[in-house]
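Colleague: Handing you a structure now.
The values are calculated or read from the model by the stated rules, or taken from the named source; none is laboratory data. These numbers were taken from a predicted model, which means no experiment stands behind them. Here the Cβ positions follow ideal geometry from the backbone for every residue, glycine too, while neighbour counts run over all protein chains shown. Each accessible area value is taken on the protein alone, full model and side chains, heavy atoms only, with ligands, DNA and RNA left out. Shrake-Rupley method; radii C 1.70, N 1.55, O 1.52, S 1.80 Å.
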Amino acid sequence: MEKRSIRDYVRAANVPLSDPDKNRLIGSGSPRFEVYHFALSVCSHKVRTCLAEKNAAYLSHDIGILPPALENYHPDYVRLRMQGGRGRELVGGYTGRSSTQTEGFDPAVVPTLVDLQSEQVIVDSVKICAHIDATCDTGPSLLPDRLRRDIDREIAIVDGTPHVAVLYGAHPDGDFRPKMLQKNMPGAHDYKIMKLMEARSLSVGHPKLIAAYDAKIRKEASAKTYVATPELMRDATTEIIAIIADLDSRLSDGRAWVCGDAFTMADIQWAVSLFRLKWLGMAFSWTGDHPLNNNQHSNVAAYAGRLFDRPSFRDAVIHWPGNPPSEYVMEFYENLQDQDPAKGERGHRDRHKQHGGHGRDIKEENLTDAVLETMKGTENPRAKKVLNAFTRHLHAFLQEIEPTEEEWEWGIDFLTKTGHLSTGGRQEFVLLSDVMGATARVDLINNRFPDGATENSVLGPFFVEERPTFENGQDISGGISGEPMYFSARVLDADRQPIVGARVDIWHSDDDGSYDIMMPQLDGQLAMRGLFRSDNHGRFWFTSILPTSYPIPDDGTVGTILKTARRSPMRPGHVHVRVEAPGFRRLTTMLFLDGDEYLDSDPVFGVKQSLVMRFEKKTNLRMPDGKAAPSPCFTVDYDFILARKD
């Protein structure tokens with residue numbers, strides 16, 4: 001395969017970024033850089049201010065990194081960012097900070113800078129700013145050698161401040177954050193994890209990408225625990241108050257800027273940090289007169305005023321389009337007129353020009369054809385086929401049921417509520433696809449096996465590429481408690497001959513419906529999953545714990561469907577199995593526990609009779625290697641039949 005260039009990665013990452021207001025040229029002249037950032041991101045603020053201070057032209061890609069957008073999770077953006085993270089250890093946990101020096105490389109955050117001239121991808125905001133200063137010769141250096149040690153020390157302090165913790169989490173003694181955060185941040189980490197799993201499920205076959213998503217999922221799971229821990233959130237606020245007090249001491253000699261008389265990169269970092277704290281309602285860390293801090297730090301207050309008046313900072317942060325003001329910084333937005341040319345009247349008018357048409361004589365009998373006429377300009381053949389088919393079937397549906405206007409309004413309201421429920425760790429639209437059988441239909445279309453072969457089933461979001469390898473007979477429970485299970489099986493071809501050396505993946509939940517990558521207490525360790533090889537007889541076997549049935553969420557619009565149709569929300573217990581062998585089609589399936597009361601009412605239509613097996617409780621069993629199985633244990637024996645490749 002031909003090696004991809006950095007520009008190839010950039011082009012792929014830019015495909016879904018189509019909003020002209022958020023993807024535009026900043027400055028004049030030929031841009032050297034493409035910068036992927038977010039309006040509200042602290043690290044993005046640092047980079048944008050540095051670019052403004054150096055008067056550098058660049059292509060700006062302002063991507064959404066908060067729910068529900070999460071454009072930073074797109075596989076092509078992650079691939080691009082990984083080009084700058086080569087050789088770095090992936091992020092492994094969460095401390096409420098954004099420093100790559102302490103946290104590790106996060107493959108799905110901003111900012112990311114691409115130097116089109118040198119074809120470099122730089123993924124750490126500190127290094128991005130240093131690179132901008134080194135390559136842009138406009139104005140004095142922001143990193144003068146004579147002050148470099150002092151500058152680096154100040155940058156490290158700002159970089160290690162727990163800004164992220166106090167953005168996502170509330171202080172246990174009172175949530176001082178802006179009202180918008182109090183309303184929108186609860187459940188944000190659950191939603192992030194869900195969207196990461198969706199992106200991960202699209203990356204099967206790309207082990208490095210899978211590993212990147214797994215690392216990010218572990219980080220967000222740790223973050224969820226962190227911000228919900230009162231002691232940690234209290235410590236984060238206390239630490240910030242101490243950092244501000246120390247800064248005030250360094251400024252007490254009357255210096256204009258933090259490292260002396262010259263404005264440097266350290267001042268850019270502090271401008272961003274102090275404005276974020278003020279934006280969050282934490283200006284009390286220097287103004288005092290607050291239950292959490294009664295000490296005034298006038299040197300910091302005066303310093304912040306000078307920083308916030310800096311033209312580069314106002315342009316790049318305070319007045320940056322899409323950077324939302326909070327109630328604590330409204331003084332900077334009084335009588336502000338939007339001067340962004342991308343949002344001018346003419347720009348809006350030009351974007352909404354229409355070409356072509358469908359005529360004016362619209363009647364019931366020709367409406368469908370009129371809508372189809374508007375699709376003729378679609379250049380992508382697949383998109384054209386999808387749009388045409390969707391239009392025809394939608395109109396046929398409406399013609400068949402002839403809804404009243406009240407019923408149609410109810411349907412619109414149903415979809416609107418479904419969208420509103422797609423936050424905070426659940427995706428109601430995905431759930432709607434599941435319970436209407438659409439997900440199962442897509443799986444059946446894409447996995448048509450010949451008669452006699454084991455039937456396929458959905459992969460689900462919990463498959464892990466970097467899973468542990470086990471010898472046959474080992475326990476994969478990882479210490480998770482539950483009823484012991486002994487799983488024994490063979491991998492055979494259509495003639496029932498053993499397939500030797502087949503790779504067999506196993507993964508399943510605990511008896512509460514939770515998978516290992518959703519368990520922060522495991523600290524990144526994996527459990528209830530493993531990779532095996534079939535032996536000379538095609539056999540593989542292992543021990544673990546027995547999964548059980550669990551409910552899908554039924555308190556939203558999907559629940560309305562289930563209740564209206566008198567359907568159960570309970571999924572029957574199951575064990576996932578994936579089998580691969582040279583010359584055979586890959587099998588992704590699962591075994592369901594016979595006797596589970598929900599087998600005939602699985603709300604997502606995953607059960608197939610051939611995949612239902614009785615897990616019998618037995619004692620004093622011996623495994624094929626002669627070792628004793630747990631006693632008593634629930635045991636199953638199954639033959640997986642693989643289909644040969646065409």
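Colleague: Do the alpha carbons of any pairs in K363/K417; K179/K417; K179/K224; K195/K417; K183/K417; K22/K192 sit beyond 25 Å of each other, and which pairs? Mind dumping the intermediate values first?
Modeller: Working: K363/K417 31 Å; K179/K417 22 Å; K179/K224 20 Å; K195/K417 19 Å; K183/K417 17 Å; K22/K192 22 Å.
Long pairs (Cα-Cα over 25 Å): K363/K417.
Colleague: Also: Only loop residues by DSSP count here, and only those with at most 13 other Cβ atoms within 10 Å; note down the trypsin sites (Lys or Arg not before Pro) in region 494-581 that meet that. Walk me through the numbers before you get to the answer.
Modeller: Details: sites: R496, R503, R529, R533, R539, K563, R566, R567, R578; in loops: R496, R566, R567.
Taking region 494-581 and a limit of 13 other Cβ atoms within 10 Å, the loop trypsin sites (Lys or Arg not before Pro) found are R496, R566.
Colleague: Based only on the alpha carbon positions, what is the Kirkwood hydrodynamic radius of region 118-169, in angstrom? Can you show the working numbers first?
Modeller: Working: mean 1/r = 0.0771 Å⁻¹.
For region 118-169, the Kirkwood estimate is 13.0 Å.
Colleague: Continuing with this model, one more query. Among the aspartates and glutamates, which fall within straight-line cross-link reach of K384, defined as a Cα-Cα distance under 17 Å, with same-chain neighbours fewer than 8 residues apart omitted?
Modeller: The qualifying aspartates and glutamates are D369, E373.
Colleague: Please get the size of the charge dipole for the chain, origin at its Cα centre, with Cβ charges of +1 on Lys and Arg and -1 on Asp and Glu, quoted in debye to the nearest 20.
Modeller: Details: 77 positive and 91 negative charges, 324 e Å.
Approximately 1560 debye in magnitude.
Colleague: With labels modelled as points extended 7 Å from the Cα through the Cβ direction, what inter-label distance (nm, one decimal) is found for D253 paired with S298?
Modeller: So the two model labels end up 2.0 nm from each other.
Colleague: With r as the distance between the Cβ atoms of E580 and S326 and R0 = 56 Å, compute the FRET efficiency 1/(1 + (r/R0)^6) and round to 0.05.
Modeller: Details: r = 52 Å, r/R0 = 0.93.
Computed FRET efficiency for S326 and E580: 0.60.
Colleague: Can you tell me how region 381-446 classifies by the Cα gyration tensor, rounded, prolate or oblate, using a/c under 1.5 as the rounded cut? Walk me through the intermediate numbers first.
Modeller: Working: a/c = 1.84, a/b = 1.01, b/c = 1.82.
Because a/c hits 1.5 or more and a/b fails to exceed b/c, region 381-446 counts as oblate.
Colleague: Among the GluC sites (Glu not before Pro) in region 544-646, which ones are in a DSSP loop with at most 11 other Cβ atoms within 10 Å of the Cβ? Mind listing them? Don't jump to the answer; show the numbers that get you there.
Modeller: Details: sites: E580, E597, E616; in loops: E597.
The qualifying sites are E597.
Colleague: Obtain the nm distance between the two label points defined at N388 and S610 by a simple spin-label model: each point lies 7 Å from its Cα along the Cα-to-C-beta direction.
Modeller: Those two pseudo-labels are separated by 3.5 nm.
Colleague: Using the Karplus curve 6.51 cos²θ - 1.76 cosθ + 1.60 with θ = phi - 60°, work out ³J(HN,Hα) for each residue of region 559-569 in order, rounded to whole Hz, and write x for Gly and Pro.
Modeller: 3J(HN,Hα) across region 559-569, in whole Hz: x, 4, 4, 4, 5, 4, 8, 6, 9, 7, x.
Colleague: Take the Cα atoms of region 536-646, find their three principal axes, and give me the spread along each one in whole Å, biggest first.
Modeller: 52, 44, 19
Colleague: Taking the Cα-to-Cβ direction at T368 and at D512 and moving 7 Å from each Cα, how far apart do the two end points lie in nm?
Modeller: So the two model labels end up 5.2 nm from each other.
Colleague: Under 5 Å between amide hydrogens, which residues at least 5 positions from M519 or on another chain qualify, with H placed 1.01 Å from N in the peptide plane?
Modeller: Amide H neighbours of M519, under 5 Å, 5+ apart: none.
Colleague: Go from 0 up to the bin containing the longest alpha carbon distance in region 282-337, width 10 Å each, and give me the % of pairs per bin.
Modeller: 21, 45, 28, 6
Colleague: Could you pull out which residues in region 201-233 have an amide N less than 19 Å from a spot 7 Å beyond the Cα of F429, following the Cα-Cβ vector?
Modeller: Counting backbone N atoms under 19 Å from the label point, the list is 201-203.
Colleague: Ok, one more. Below 8 Å between Cα atoms, with a sequence gap of 6+, how large is the relative contact order for the chain in percent? Don't skip to the end; give the middle numbers.
Modeller: Values: 1083 pairs, mean separation 74.2, N = 646.
Taking the mean separation of contacting Cα pairs over the length of the chain, I get 11 percent.
Colleague: 222 nm [θ] for the chain, helices only, -39500 (n - 2.57) per DSSP H run of 4+, per residue, to 500? If you can, show how the numbers build up before the last one.
Modeller: Numbers: 21 runs with 231 residues, N = 646.
When only DSSP H runs of four or more count, the value is -11000 deg cm²/dmol.
Colleague: Please identify the trypsin sites (Lys or Arg not before Pro) of region 1-66 that satisfy two criteria: DSSP loop assignment and at most 16 other Cβ atoms within 10 Å. Which are they? Walk me through the numbers on the way to the answer.
Modeller: Details: sites: K3, R4, R7, R11, K22, R24, R32, K46, R48, K54; in loops: K3, R4, K22, R32, K54.
Passing both the DSSP loop test and the Cβ count: K3, R4.
Colleague: What does the accessible area per residue of region 264-310 come to in Å², with a 1.4 Å probe and no ligands, DNA or RNA counted?
Modeller: Values: 1490 Å² over 47 residues.
In whole numbers, region 264-310 has 32 Å² accessible per residue.
Colleague: Follow-up question, since we're still on this one. Restricting attention to the chain, give the cysteines that have no other cysteine Cβ less than 4.7 angstrom from their Cβ.
Modeller: By the Cβ distance rule, which asks for a partner under 4.7 Å, the isolated cysteines are C43, C136, C259, C633.
Colleague: Another question, then. Roughly how compact is the chain, stated as its Cα Rg over 2.2 N^0.38 Å to two decimals?
Modeller: Numbers: Rg = 28.7 Å, N = 646, 2.2 N^0.38 = 25.7 Å.
Normalised Cα radius of gyration, the chain: 1.12.
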